[in-house]
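Student: Before I ask anything, let me first share the structure, which is written out below as structure tokens.
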Amino acid sequence: MARILAIDYGTKRTGIAITDELQIIASGLTTVNTPELISFLKDYCATENVETIVIGEPKRMNNEASQSEVHIQKFLEKLQIELPHIPTERVDERFTSKMAFQSMIDGGLKKKQRANKALIDEISATIILQTYLDGKR
């Protein structure tokens, strides 16, 4: 089997998570500066077998798209051009940042570590990926 990669897209930083080859476990991979994201994904997908890319879909409480969806749509267009052979899926990402922050507290991270926004983005991507995996089962 191939891996599934998940993205918590942000205009500055983007969190990335990946599954194992059996698609059982979602793990944080890294956080990338968003301007370097397409290049990172092309390099990563050239060395790893990636089956699907899952992108968080930010929504408001009334189910409307959030303001950041405009940026994500532009990214998706570029991604389709650069990696047309890898399908993309969307997953509702409401509350993932709050869940990521809470998991840092529950994990015993110190206040200074919890201020690391890159880590929050990576954990958010992991939550998005785990949500996708749970929905597949």
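Student: Has the stretch 35-57 got at least one residue that is in contact with an Asp or Glu (Cβ under 6 Å, 6 or more places away or on another chain) and more than 16 Å from residue 77 (Cα to Cα)?
Tutor: Within the stretch 35-57, not a single residue is in contact with an Asp or Glu (Cβ under 6 Å, 6 or more places away or on another chain) and more than 16 Å from residue 77 (Cα to Cα).
Student: Cβ-Cβ distance below 8 Å, separation of 6 or more or different chains: which pairs start in the stretch 33-52 with a residue that is of a type in the set (Phe, Trp, Tyr) and end on one that is buried (at least 16 other Cβ atoms within 10 Å of the Cβ)?
Tutor: Short answer, once both residue conditions are applied: 40/16; 40/32; 44/5; 44/50.
Student: Please state which of the following conditions residue 72 fails to meet, knowing it meets all the rest: (1) at pLDDT below 95; (2) part of a loop (DSSP other than H, G, I, E, B).
Tutor: (2)
Student: While we're looking at this one, here's another question. Out of 91, 50, report the one residue that is at pLDDT 95 or above and among the β-branched types (Val, Ile, Thr).
Tutor: After ruling out the rest, the residue left standing is 50.
Student: Same structure, new question: Out of 93, 36, 21, report the one residue that is surrounded by fewer than 16 Cβ atoms within 10 Å (Cβ to Cβ), closer than 20 Å to residue 129 by Cα and among the charged types (D, E, K, R).
Tutor: 21 is the lone residue from the list that is surrounded by fewer than 16 Cβ atoms within 10 Å (Cβ to Cβ), closer than 20 Å to residue 129 by Cα and among the charged types (D, E, K, R).
Student: Here is a follow-up. Given the conditions (1) outside any strand (DSSP E or B); (2) within 21 Å of residue 93 (Cβ to Cβ); (3) not small (Gly, Ala, Ser), and given that residue 55 satisfies all but one, which numbered condition is not satisfied?
Tutor: Failed condition: (1).
Student: On to the next question. Across the stretch 19-31, which residue is farthest from residue 103 (Cα to Cα) among those that are within 11 Å of the chain's Cα centre (by Cα) and hydrophobic (A, V, I, L, M, F, W, C)?
Tutor: Looking at residues that are within 11 Å of the chain's Cα centre (by Cα) and hydrophobic (A, V, I, L, M, F, W, C), I get 29.
Student: Taking residue 39, is it not in a helix (DSSP H, G or I) and not aliphatic (A, V, I, L, M)?
Tutor: Judged against the criteria, residue 39 is not a match.
Student: Could I ask something else about it? Taking the stretch 3-36 as the search range and keeping residues that are in contact with a Ser or Thr (Cβ under 9 Å, 6 or more places away or on another chain) and in a loop (DSSP other than H, G, I, E, B), which one is farthest from residue 119 (Cα to Cα)?
Tutor: Per the stated criteria, the residue is 20.
Student: Which residues, counting only those in the stretch 94-122, are touching a Phe, Trp or Tyr at 6+ places or on another chain (Cβ under 8 Å) and modelled with pLDDT of 80 or more?
Tutor: 120
The values are calculated or read from the model by the stated rules, or taken from the named source; none is laboratory data. As the structure is a prediction and not an experimental result, all values here were calculated from the model. So basically every Cβ, Gly included, is an ideal-geometry build from the backbone, and we count neighbours across all protein chains shown.
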